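The values are calculated or read from the model by the stated rules, or taken from the named source; none is laboratory data. As the structure is a computational prediction, the values presented were derived from the model and not from experiment. Positions of Cβ are backbone-derived with ideal geometry, glycine not excepted, and every protein chain shown enters the neighbour counts. Accessible surface areas use protein heavy atoms only, side chains included; no ligands, DNA or RNA. Shrake-Rupley method; radii C 1.70, N 1.55, O 1.52, S 1.80 Å.
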Amino acid sequence: MTTPVYPMTRAEGCPFDPPPQLRELQDEAPLVKVRIFDTTAWLVTRYDDQRTLLADPRLSSDVNKPGYPNTVARAIPTGEDAGIGFILMDDPEHARLRRMVTAPFMIKRIEAMRPQVQAIVDGLVDDLLAGPKPVDLVEAFALPVPSLVICRLLGVPYDDHEFFQQNSRILIRTTASVEERTQARNNIGRYLNELMGEKLANPQDDLLSGLGERVKAGELTRRDAAGIGVLLLIAGHETTANMIALGTLALLEHPEQLAVLRETDDPKVVAGAVEELLRYLNITHNGRRRAVLEDIELHGQVIKAGEGVILPNDIANRDPSMFSDPDTLDVHRDARRHVAFGFGVHQCLGQPLARMELQVAYSTLYRRIPTLRRAVELDEIPFKHDGAVYGVYSLPVTW
């Protein structure tokens with residue numbers, strides 16, 4: 001068997017499905033060496049194997065560990081103004097920093113924000129209905145919803161959204177040069193560091209000001225606080241914005257599923273539909289990466305210390321041993337055990353916020369604009385094949 005190359009490309013005409021090569025490997029070679037850029041790593045494609053490994057302390061998220069699969073993150077220096085948050089750290093430092101921002105993302109706190117998010121969504125839908133048609137749903141709705149929310153939560157001025165959105169796009173675009181990514185990373189790091197300085201001088205009721213209190217108490221450096229801000233700002237709008245747009249497109253392509261969301265007023269049905277869309281779409285489509293610290297045996301093979309592992313959640317969430325008829329979008333399915341948010345200690349901190357935003361956005365948009373439809377052919381929509389976060393660059397719609 002020749003060594004497969006990763007990442008793999010999606011099949012023509014199947015914008016919502018993982019690359020077909022991943023399904024073949026899942027069936028025939030669930031643990032296989034793949035080539036990624038100038039090195040090799042183990043590719044793990046089955047659901048149970050991924051959950052087991054993501055919970056295994058013998059795997060490291062630190063990009064500086066030997067064997068960590070080559071990735072965009074390695075090519076981006078952390079800079080002097082801000083670090084990289086805690087996403088690419090291991091415990092105990094990962095846990096120490098993560099605990100400092102856990103409270104604002106607890107379910108009870110997030111649910112208290114629901115009326116504010118509902119008001120944001122309703123206001124944007126009002127603007128859609130009052131404006132010209134067709135309209136790009138990404139720019140007019142999908143991107144503003146999470147950007148407005150994360151700005152309020154962090155205490156970032158929304159007037160600066162074009163600046164951080166532009167630099168975020170460069171950071172997660174896999175085709176951007178090292179120089180472009182470095183400049184974008186430094187731009188955002190400098191911005192958050194300066195904003196942290198303002199919060200230290202004049203604290204407000206927001207998450208960054210809370211981190212500022214930690215800095216004053218000597219529990220956190222200003223650089224690390226700014227780094228956490230960078231992480232939350234980028235993750236807080238890019239992922240959810242892509243899910244809103246891509247989820248809407250998927251539902252438009254499956255009108256019987258869209259009808260369920262459009263016609264229900266049952267929060268449990270809406271919540272279940274969100275879980276199924278998260279399972280089905282998997283916008284983080286370049287695989288979670290880990291370095292191996294100690295030998296691990298799996299499927300009769302030994303993954304050795306110093307080697308790398310790639311765990312693509314898009315194919316794990318299409319594993320037929322876990323989800324029956326996995327390539328079918330079924331909003332009535334119980335999809336709660338998906339790994340769209342990861343698993344283990346690095347499971348996404350912001351998942352309660354993302355879930356709530358998606359529930360409000362999906363349920364409101366289709367109910368208030370029941371005749372929403374694509375304004376162009378499917379093959380005219382530009383998909384983010386060149387991004388670390390999958391989605392669409394634009395989605396022209398009308399009604």
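Once you reduce the stretch 143-162 and the stretch 16-66 to the center of their Cα atoms, the two points are 34 Å from each other. Report summary: the helix-based calculation at 222 nm, which adds -39500 (n - 2.57) for every DSSP H run with n ≥ 4 and divides by the residues of the chain, gives -14500 deg cm²/dmol.
Entry comment: accessible area of the stretch 319-395 is 43 Å² per residue, from protein heavy atoms only and a probe of 1.4 Å. Accessible surface comparison of Ile107, Ile172, probe 1.4 Å, protein chains only, largest first: the order is Ile107, Ile172.
Here the accessible area of the chain is 51 percent carbon and sulfur, with a 1.4 angstrom probe and all protein chains present. For Lys133, the lysines whose Cα comes closer than 27 Å to its Cα, not counting residues fewer than 8 places off in the same chain, are Lys384.
Could you tell me whether the chain comes out rounded, prolate or oblate from its Cα gyration tensor? Rule is a ≥ b ≥ c as square roots of the eigenvalues, rounded for a/c under 1.5, then prolate if a/b exceeds b/c, otherwise oblate. Since a/c reaches 1.5 but b/c is at least a/b, the shape of the chain is classed as oblate. Protection proxy ranking, highest mean first, for peptides 367-374, 3-10, 308-315: 308-315, 3-10, 367-374, where packing is the per-residue count of other beta-carbon atoms within 10 Å, averaged. Heavy-atom accessible surface of the stretch 1-160, averaged per residue, reaches 48 Å², computed with a 1.4 Å probe. For the stretch 1-147, the square roots of the Cα gyration tensor eigenvalues, ordered a ≥ b ≥ c, give a/c of at least 1.5 with a/b no greater than b/c, which places it in the oblate category. Estimated at the nearest 10 Å², the accessible area of Ser321 is 90 Å² with a 1.4 Å probe. List the lysines whose Cα sits under 27 Å from the Cα of Lys216, skipping any in the same chain fewer than 8 residues away. Those lysines meeting the cut-off are Lys199.
Residue order by solvent-accessible surface for Lys199, Lys216 is Lys216, Lys199, largest first, with ligands and nucleic acids left out and a 1.4 Å probe.
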